[in-house]
Structure formats: C-alpha cells, structure tokens
Amino acid sequence: MRGVSLEEITSATRIGPRFLQALENERWNELPGGVFNRGFVKAIAHYLGIDEEALLGEYTLATGDAGTPSASVPRPIARTAPLPLNEPKTPWITWVLAVVVIAAIVAGGILLWRRHVAKRNAARPAAVISVAPANGDSH
C-alpha cells in the first residue's frame, strides 16, 4: 500500500520475510503465535507510520487473537515469602579469604624488606671512630 519493499521492512524490523509474507497474505497458521504476532504487527505499524493500536485492532478482528492480559497490562507478581533485606551479593568467605591473602602479601613484604636491610647493613664495613685527645697530647 505504501510502496515499501519486503526487504526494506525486513531489514528495518528484523522480522523474517516468510513471516511478513504470511501477515500480508493473512496466513495466520504460518506465524509463530502468541505475543510474537502482535509484536510483528506493532513493529510493522511503527515502521510504516501507521497507528499501532488501529492496526492491532484490525489484526484482532481478522484473527480473533485478543492477546493476553499480561501482554498489555503488567500485573504485580505474587510473592510467597518475603525477600531477605540485606542479602550479600558475594559470600562472606570470599571476603575472609581476600583479607587473608592481603595480610600474607603484606607480611611477606615486611619480612623481605627486613632481610634486605639486614644484608645491606652486614655488607657495609664498620665505621672507624677515632677520638682525638682533648688536651692537645698526641701520644
């Protein structure tokens, strides 16, 4: 009707050409069914600039598929038990292991630094301290 090719609609909406042909020729049994069909109709209407609700109404009249209430109106999910409030995303054991690993790295670094300082001090020659007599005697 609008002079748009099947290939253009396929690339714009990502709906397979066989589904587009089935919609165009009203071969409803060749469509996947359920919310997919209504999604196809909405995507095509949006691409062509047609009122989505009007085209969905025409689709509903032609197929008798009124859709499911959950597809058009979101309903709250019934919960059987309350959710825990502050549930950690990672187990506490992960944090304990991380602290232990960090502590081991720090302790190892301290021990290596002390060894390095001890070796450096042992390699230096002892400083010779000479004391000059205070009264000017040079014996």
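Residue-level check: of (1) open to solvent by less than 80 Å² (accessible area, probe 1.4 Å); (2) within 36 Å of the chain's Cα centre (by Cα); (3) at pLDDT 85 or above, Gly34 misses just (3). If only residues of segment 42-75 that are at pLDDT 85 or above and in a loop (DSSP other than H, G, I, E, B) are counted, the one that is most open to solvent (accessible area, probe 1.4 Å) is Asp51.
The values are calculated or read from the model by the stated rules, or taken from the named source; none is laboratory data. Not measured: the values here are computed from a predicted model. Ligands, DNA and RNA are stripped out before the accessible areas are found, and what is left, the full protein with its side chains, is counted by its heavy atoms. Shrake-Rupley method; radii C 1.70, N 1.55, O 1.52, S 1.80 Å.
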